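K.L.:
Sharing a structure here in structure tokens format.
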Amino acid sequence: MSESAIREIVGRSTLDDLLVGSTRPEVTRRTKNLIQTTLDYYTSGITVTTVNLEDVQVPDAVIPSQRDANKAQADKERFILESEAYANGIIPVAQGAALRMQQDAQAYKAQVMALAEGQASRFAQLEAAYAQSPEVTRRRLYMDTVERVLKGAHKVLIDARAGGNMFYLPIEKLLEKGAAREAEGAEAPANGAPKETDSVTVEARGRGER
């Protein structure tokens, strides 16, 4: 009776259910219930307490297929573990990168908003000042704009009212020599020996000369 019950359950089960250890308890439970049902049908008075499926013997012709199935099952479990390990490694990195991008976006947003609010406040102040003193404010804006534009440009002063001569004043050279004098003064020796004074030549040309 036990053998026939085992054969019936095995015939209704798949190979994975029989070979995989995690599903064998389900096979033994179904076998125990079938044996107990049969014994109760014959009123034998016997109670089945445990059914053990200790070893599974397959025919020799099935052994290669069984080995392939076992290897595939092992590869499946290994791939699952590797994928879980990869997910556990990459998900925190992605979450950290996303959080960093959100923080950078918030910082950029705050910077842009602060700059825009500052420019709007400055414009409102200029508007109020212009309403009170239009001419003064207009001149101030003009001078600020000229200063900002000419700050990085090379500048040359020419006196157009100098009669027959054209005076050429090299502003850039004057500024360079002034900066050089300040640097030399900062590096001057402790004895305080006087240095020669640099001079800048102002070139005067006749209007007809080249």
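K.L.:
Does Leu126 qualify as being in contact (Cβ under 8 Å) with a residue 12 or more places away in the chain, closer than 30 Å to Arg138 by Cβ and not acidic (Asp, Glu)?
P.N.:
Values: in contact (Cβ under 8 Å) with a residue 12 or more places away in the chain: yes; closer than 30 Å to Arg138 by Cβ: yes; not acidic (Asp, Glu): yes.
Yes.
K.L.:
Scan segment 100-122 and give yes if some residue there is at pLDDT 90 or above, in a helix (DSSP H, G or I), β-branched (Val, Ile, Thr) and surrounded by 10 or more Cβ atoms within 10 Å (Cβ to Cβ), otherwise no.
P.N.:
Looking for residues that are at pLDDT 90 or above, in a helix (DSSP H, G or I), β-branched (Val, Ile, Thr) and surrounded by 10 or more Cβ atoms within 10 Å (Cβ to Cβ), one finds at least one in segment 100-122, hence yes.
The values are calculated or read from the model by the stated rules, or taken from the named source; none is laboratory data. Keep in mind that this is a model prediction, so the values were computed, not measured. Reconstructed Cβ throughout: ideal geometry from the backbone, glycine too, with neighbour counts over all protein chains shown.
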